[in-house]
Amino acid sequence: MRSQMEKAELFRALHARPGAFIIPNPWDAGTAKLLAAMGFEALATTSLGLANTLGSATVSLDAIIENCRAIADATDLPVNADLENCGADDPKTAAKAIARAADAGVVGGSIEDSTGDPRRPIYDFALAVERVHAAVEAARALPFPFTLTARAENLLHGRNDLDDTIKRLQAFEAAGADVLYSPGVHDIDTIRTVVSSIGKPFNLVMGFADPTLTVPQIAAAGVKRISVGGAMARVALAAFLKCAREMKDQGAFTYVREMAPIKEVRAAFLRSE
């Protein structure tokens, strides 16, 4: 197995090489092993996928960290953690989540400017920047190169102010973030606008972007990292609900024709052990 330092250096190298790379989002050890067996080079956790698994609308930081540990332990790949708002409003308290994530085995993680409170969904600008700065300091204190991603969440919370989103990304970059991320950026022209306004690698999440875009198009726009957030978990739920509805409404079981071949699944699990 690779050491955490080796994983961290590999993750940094993925961000430094030409073109874009895909970082899919498993939600448990099994899906992590399947993705690793398919040849993906890195993985990212999804708090939405975890929430769905737990049957909850939200997840605690403790649950997020334990999910990070399960996924990081499942494969030899670098793992980036979706840490939401790092579990606290206060910058120094939130920054402690970085060390906790690192202790769980991940080599990168995110801090976002979403509060989790629908009444005031986005932190004020100054506090958002202070939180990123504290997270950067926590990341730099680790004994390996932790890749910190700073997320500007305006577009997911009804604040369709692209200028403010770019202002925040630029400030997060100045505060020392390694990767920048604004979920909700949808079309290729807007993607180009955002990417051209910053100097650090940009993560595009395809769960909210134009699904007709391809990796070559996205890479040509300047995106470095492509994730999918909770999209794969939601597609899995859609298949589950389709099966359940067929049984409940029709008393039928034709969905079994579409089952994943158990030999293929077990072979993937064996390759990752």
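All of the numbers you see were taken from the coordinates with simple rules; none came from a lab. Bear in mind that the values here come from a model prediction, so they are computed numbers and not experimental data. All Cβ positions, even for glycine, are placed from backbone atoms using ideal geometry, and neighbour counts span all protein chains on display.
Per-residue ellipticity at 222 nm computed for the chain from its helices equals -14000 deg cm²/dmol, with DSSP H segments shorter than 4 residues left out and the rest contributing -39,500 (n - 2.57).
Short-range pairs are left out: with C-alpha atoms under 8 Å and at least six residues apart, the relative contact order of the chain is 20 percent.
Positive contributions from Lys and Arg (+1) and negative ones from Asp and Glu (-1), summed over other residues with Cβ under 13 Å from the Cβ of Ala42, come out at +2. Which of the three applies to the range 51-137, rounded, prolate or oblate, going by the alpha-carbon gyration tensor with a ≥ b ≥ c and a/c under 1.5 meaning rounded? Oblate, because a/c is 1.5 or more while a/b does not exceed b/c. Evaluated with a Cβ-only charge set (Lys, Arg +1; Asp, Glu -1), the range 1-87 carries a dipole of roughly 240 debye about its Cα centre, given to the nearest 20. In this label model, Asp28 and Ala244 are separated by 1.4 nm, measuring between points 7 Å along each Cα→Cβ vector. Just to confirm a number: summing +1 for Lys and Arg and -1 for Asp and Glu over residues other than Asp90 whose beta-carbon lies under 11 angstrom from that of Asp90, what do you get? Surrounding charge for Asp90 is +1. Taken about its Cα centre, the chain carries a charge dipole of about 540 debye when Lys and Arg each add +1 at the Cβ and Asp and Glu each add -1 at the Cβ. Specify the inter-centroid distance of the range 1-48 and the range 221-239, based on alpha-carbon positions, in whole Å. When both Cα centres are located, 14 Å separates them. Listed peptides 172-183, 110-121, 19-30, 78-89 appear in the order 78-89, 172-183, 19-30, 110-121 once ranked by packing, highest mean of other Cβ atoms within 10 Å at the front. Lys and Arg at +1, Asp and Glu at -1: add these up for the other residues within a Cβ distance under 15 Å of Glu66 and post the number. Every neighbour counted, the sum reads -4. Cα-based count: Lys pairs in the chain below 29 Å, eight or more positions apart or different chains? Qualifying lysine pairs in the chain: 19.
Going through (1) 7, 29, 37, 20, 7, 1; (2) 8, 33, 39, 18, 3, 0; (3) 6, 24, 32, 23, 11, 4, 0, the figure that equals P(r) over Cα pairs in 10 Å bins from 0, in percent as computed for the structure here is (1).
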